[in-house]
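Visitor: Once you've had a glance at the structure underneath, I'll fire off some questions.
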Amino acid sequence: MDVEPGVEVRVHDSTAERRYLVLPLRPDGTDGWDMDRLAALVTRNSMIGTGRPRTPDALSAHSTIVLTGIGAQREWRFGRQRVPLEPVFTTNSADAAIEHALSDGGLAMVLGYQVADLVARGQLEVVLKQFEPPPSPIQLVYAESRIPSATVRAFIDFAVSRLATKA
């Protein structure tokens, strides 16, 4: 970086102002474990809040990535339960949200088809699966009274065959 003469550059380390001490709670069923066995449970990700939440309420202790356009921007819904969020990253691009999650940026809520390949390859993991809503049916609607064009018919055939393999 070239700096013109007379320009002063100051670097400020904001992490020097605050230090956090995180004391993890002893997990259930670990009474009697020695320190080495307990230490194996503590990971970098669990200490910085990018580990795996076990319940929706635990999301408040995690870094979250919010994709605008999927429901409310400052909360995630799990059935009737609403979980308020303080996202570390907000975007209107599913690709940007997924890339940020891939770089350990936090937890993102995106549609299953958007990450299916990444999950299958083990690059991303689905968390809170037991709290997912049931799948929504997909409907293809067109004016049946008219003969569909070749492109519409091809799309219908493609969609039906593709979706049938996912069921």
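Visitor: Residues being touching a helix residue (DSSP H, G or I) at 6+ places or on another chain (Cβ under 7 Å) and assigned to a helix (DSSP H, G or I): count how many of those fall in region 127-138.
Guide: We begin by selecting, within region 127-138, every residue touching a helix residue (DSSP H, G or I) at 6+ places or on another chain (Cβ under 7 Å); these are 128, 131, 138.
Cutting the leftovers down to assigned to a helix (DSSP H, G or I) gives us 131.
Qualifying residue count, region 127-138: 1.
Visitor: Being under 25 Å from Leu163 (Cα atoms) and surrounded by fewer than 13 Cβ atoms within 10 Å (Cβ to Cβ) is the filter here, so list the residues in region 104-115 that pass it.
Guide: Leu111, Gly112, Tyr113
Visitor: Does Thr64 satisfy being surrounded by 14 or more Cβ atoms within 10 Å (Cβ to Cβ), touching a helix residue (DSSP H, G or I) at 6+ places or on another chain (Cβ under 9 Å) and polar (S, T, N, Q)?
Guide: Values: surrounded by 14 or more Cβ atoms within 10 Å (Cβ to Cβ): yes; touching a helix residue (DSSP H, G or I) at 6+ places or on another chain (Cβ under 9 Å): no; polar (S, T, N, Q): yes.
Answer is no for this residue.
Visitor: Scanning for something polar (S, T, N, Q) and modelled with pLDDT of 85 or more, does region 22-35 turn up at least one residue?
Guide: We begin by selecting, within region 22-35, every residue polar (S, T, N, Q); these are 30.
Still in the running and modelled with pLDDT of 85 or more: none.
Checked region 22-35: no residue is polar (S, T, N, Q) and modelled with pLDDT of 85 or more.
Visitor: Any idea how many residues of region 73-103 are acidic (Asp, Glu), exposed (fewer than 12 other Cβ atoms within 10 Å of the Cβ) and over 16 Å from Ala61 (Cβ atoms)? Break it down into steps so the answer makes sense when it comes.
Guide: If we filter region 73-103 for residues that are acidic (Asp, Glu), which is where we start, we get 75, 86, 95, 99.
Narrowing further to those that are exposed (fewer than 12 other Cβ atoms within 10 Å of the Cβ): 86, 95.
From what's left, over 16 Å from Ala61 (Cβ atoms): 95.
The total comes to 1.
Visitor: In region 45-61, what residues are surrounded by 14 or more Cβ atoms within 10 Å (Cβ to Cβ) and modelled with pLDDT under 65?
Guide: Ser46, Ile48, Gly49, Thr50, Gly51
Visitor: A further question follows. Please indicate, with yes or no, whether at least one residue in region 104-126 is assigned to a helix (DSSP H, G or I) and of a type in the set (S, T, N, Q).
Guide: First, the residues of region 104-126 that are assigned to a helix (DSSP H, G or I): 112-120.
Of the ones still in play, those that are also of a type in the set (S, T, N, Q) are 114.
Yes, because at least one residue in region 104-126 is assigned to a helix (DSSP H, G or I) and of a type in the set (S, T, N, Q).
The values are calculated or read from the model by the stated rules, or taken from the named source; none is laboratory data. Please read all numbers here as calculations on a predicted model, not as lab measurements. Please note: Cβ atoms are built from the backbone with ideal geometry, for glycine as well, and neighbour counts cover all protein chains shown.
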